[in-house]
Structure formats: C-alpha cells, structure tokens
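Let me begin by presenting the structure, written as structure tokens, before commenting on it.
Please treat every number below as a calculation from the coordinates, not as lab data. All of these numbers come straight from a predicted model, not from anything done at the bench. Backbone-built Cβ (ideal geometry, glycine too); neighbour counts: all protein chains shown.
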Amino acid sequence: MNQNLYYKYFLLILFTSLFGESFNPQEINFKENLILNEKEREYFLLYKDDLNYKITGPKRLEIISRRAIPESSNRKYNFGYILSYDDLDDIEINHKKYKKDFLYSKDHPGHGYTQAGKTILNIPPGEHNLKLIPSYRGKPVLVRIVKKMFKNTEGITEMILPDEDIVVNELQFNNKKRNYFEIEKNNLLSFSTYSNLDISFYGRIEENNILNNNFYQLEILENNRQKCFVVDFYNNESSKGKIFQLKSKDDPFSIKLIESSNPVHLRVLKNTPYD
C-alpha cells in the first residue's frame, strides 16, 4: 500500500470512529445536504414516500430528524414519523422543536430547519428491515441515520435510583446478579441533578418473556424537555447491555416508558471519574 493510499485509509477510519458510520436508504435519490458552520451532512427526504433500510445487527443506531420550515419562523413545530421494523407493530415517533439557527440547504433557499429530534435504536443480531413512514405526508422531514457509539467510562460506578418510591429487585442474567427496578408504562421516573457525570442506562426483559421479536420504547427528558427516544429491539438470541448514555448537566432528568408488551427492568449507573 503506497503512502497516499495509506493516509486516505487512515483518515477514513478516523472519520468513521469520530462521527459514526451513516446508513443510506434504498431511495438514494431523495438525498439532500444540510450545512451548519460550513460542515455538510447528508440527509434523506421523508415526505410523500417511505424510506427503506436493510440493517445487519447487532448495531446501535441514531435517527436524526429535522422538519423543513419557513426560514423566518420562530415558533415550535411538531414533526415525526412512523417506524416499522420487521413484522412488529409500528412505532410512532413525535418531536416538537424550534428552528435551528444557521442551518440551511443550498437546494432550498428560503427554508429553515428545526433542531434535531433524536431516536436511539438498539438492533439485535441478524438481517432486519427498517422502514420510516411519513406521519404527515404534506410536511417534509429530513432524516439521517448514523451508527451510535457510547463513551468508555473509567472511575467509580454507582447505581442511582429515581426520586419516586420504587422496589429494587435482584435479577440474574447470564449467571450474574444485578439490582434493577421495574418501570411501568406511562410512569415518569425522575432523577436528581448529577453535574457533569456520565449516566448509563441498562435495560432488561426477563428471559421467560423473550419468546420472539419484540421491543420497548422509552422517552428520555432533561429538565422536563424531550432529549430523545430509545427503542430497544430484542429477540430470544440477544443479550442486552447498555441501551443509552448521557452526560449529565445541572438539570434533573426523567425516564418514561412509552410502549412495551413485557415488563421492563432498568438499571441506571453514574460514573465518577478517578481524581
């Protein structure tokens, strides 16, 4: 391998590790680039037609979506999409965001775009079909899907519990016993402020309930504002670990279970770096 080719290969690996691999739908002609601070990112238009993806798991993906709006607008906009995965029930994703300053498209002058609505998908092993369906076919949404990577943490790890009264149970998975708490559907669990710490979320379904493909959907909020959705797909061959991670600020955060056909057990850990 000559020196120039080696250098290009090195830059490709570095770029992928820093920014994450992106995934294109079969509808490649719906591509549209958005520009922010002279950095260009590739999105795909979800408008009148669906976007279809083939995904090989296991993978952790992040769906970044923005609604196209008038450039001069200063109000919040509702937008979203319907997520279809293999033969499971459809999942509704709904965001409400303000305009993102200085974000534009060369192809559509006069348009502005909202702040990003984000959804984390945890995909189990195997070949999977992922489809995004417009929720409002007259309201254009731009979508970008990237591989999501979590930070490796070092320090003192400690389980934290919500402010509400809950029951902690010791559960055994893969011959390891860990403490978890159960979250009930539409219940909002709130956590106190942990300034500038890494917070990791682990989700489990009891093994006797994992009979076939299924999922659960969580909403994560910071200071009572939506941060993202987390959709954890699982099957009888998958073993789940970390499903989400955030860097805490000086704001409380909350978790809400939006949808699940089985009881969901969570374990939330804070990581305090060594001095």
TODO: Take the alpha carbon gyration tensor of region 24-69, find the square roots of its eigenvalues, order them as a ≥ b ≥ c, and report rounded if a/c is under 1.5; if not, report prolate when a/b exceeds b/c, else oblate.
DONE: oblate
Task: Vicinal HN-Hα couplings computed from phi for region 22-37 (Karplus, 6.51 cos²θ - 1.76 cosθ + 1.60; Hz; Gly/Pro x) - done: 9, 10, 9, x, 5, 7, 5, 6, 8, 5, 8, 9, 10, 10, 9, 6
Task: Among Phe215, Phe253, Phe30, residue whose mean-square fluctuation peaks in a GNM of the chain (springs only between Cα atoms under 10 Å) - done: Phe30
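Looking at the chain, what % of its DSSP beta bridges pair antiparallel, to the nearest 5?
On the way: 96 of 101 bridges.
Counting only bridges with both partners in the chain, antiparallel ones make up about 95 percent.
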Task: Backbone HN-Hα couplings from phi across region 176-192 [Karplus 6.51/-1.76/1.60, Hz, Gly and Pro as x] - done: 10, 9, 9, 7, 9, 10, 8, 10, 9, 4, 6, 8, 9, 9, 10, 10, 6
Task: Cα Rg over Rh - region 95-189, Kirkwood - done: 1.07
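Mind checking the full-extension length gain between His108 and Thr193? Use 0.36 nm per residue of separation minus the Cα-Cα distance, one decimal, nm.
Here the answer is 26.5 nm.
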Task: Shape category assigned to region 20-147 from the gyration tensor of Cα positions, a/c cut at 1.5 - done: prolate
- [ ] Could you check which residue among Gly112, Gly155, Gly203 shows the biggest mean-square fluctuation in a GNM of the chain with a 10 Å Cα cutoff?
- [x] Gly155
Open item on the list: Amide H of Lys100 versus every other amide H placed in the peptide plane: which residues, excluding those fewer than 5 positions away on the same chain, fall under 5 Å?
Closed with: Tyr113, Thr114, Gln115
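Show me the chymotrypsin sites (Phe, Trp or Tyr not before Pro) within region 71-166 that DSSP assigns to loop and that have at most 12 other Cβ atoms within 10 Å of their Cβ.
Here the chymotrypsin sites (Phe, Trp or Tyr not before Pro) that fit, given the DSSP loop and packing criteria, are Phe102.
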TODO: Have a look at Ile28, Ile63, Ile199 and tell me which one the Gaussian network model of the chain (Cα, springs below 10 Å) gives the largest fluctuation.
DONE: Ile28
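Which order do Thr157, Thr119 fall in if you start with the one that has the fewest other Cβ atoms within 10 Å?
Lowest to highest Cβ neighbour count: Thr157, Thr119.
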Task: In sequence order, calculated HN-Hα J values of region 88-100 (Karplus, 6.51, -1.76, 1.60; Hz; x Gly/Pro) - done: 7, 4, 5, 10, 8, 10, 10, 10, 9, 9, 7, 5, 8
Task: Built amide H within the under 5 Å cut-off of Gly126, gap 5+ - done: Gly57
Open item on the list: Could you list His108, His95, His265 so that the one with the fewest beta carbons within 10 Å of its beta carbon is first and the one with the most is last?
Closed with: His108, His265, His95
Task: Least to most buried among Ser73, Ser135 (fewest other Cβ within 10 Å first) - done: Ser73, Ser135
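List the GluC sites (Glu not before Pro) within region 114-169 that DSSP assigns to loop and that have no more than 13 neighbouring Cβ atoms inside 10 Å. Could the numbers behind the result be given before it?
On the way: sites: Glu127, Glu154, Glu158, Glu164; in loops: Glu154, Glu164.
Listed in order of number, the matching sites are Glu154, Glu164.
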Task: Distance between modelled label sites at Lys139 and Ser73, nm, 7 Å Cα→Cβ extension - done: 0.8 nm
Open item on the list: Over all directions, how big on average is the projection of the convex hull of the alpha-carbon atoms in region 156-272, in square nanometres?
Closed with: 6.9 nm²
- [ ] Give the long-range amide H neighbours of Thr153: residues separated by 5 or more places, or on another chain, with amide H under 5 Å away, using H modelled in the peptide plane at 1.01 Å from N.
- [x] none
TODO: May I ask you to list the aspartates and glutamates whose Cα is less than 16 Å away from that of Lys31, ignoring any residue fewer than eight positions away on the same chain?
DONE: Glu40, Glu42, Asp49, Asp50, Asp107
TODO: With no solvent and one equal point scatterer placed on each C-alpha of the chain, evaluate the Debye formula and give log10 I(q)/I(0) for q = 0.08 Å⁻¹, two decimals.
DONE: -0.37
TODO: Taking a cut-off of 28 Å between Cα atoms, list the lysines near Lys176, but don't count ones fewer than 8 places away on the same chain.
DONE: Lys59, Lys148, Lys151, Lys185, Lys240, Lys242, Lys247, Lys256, Lys270
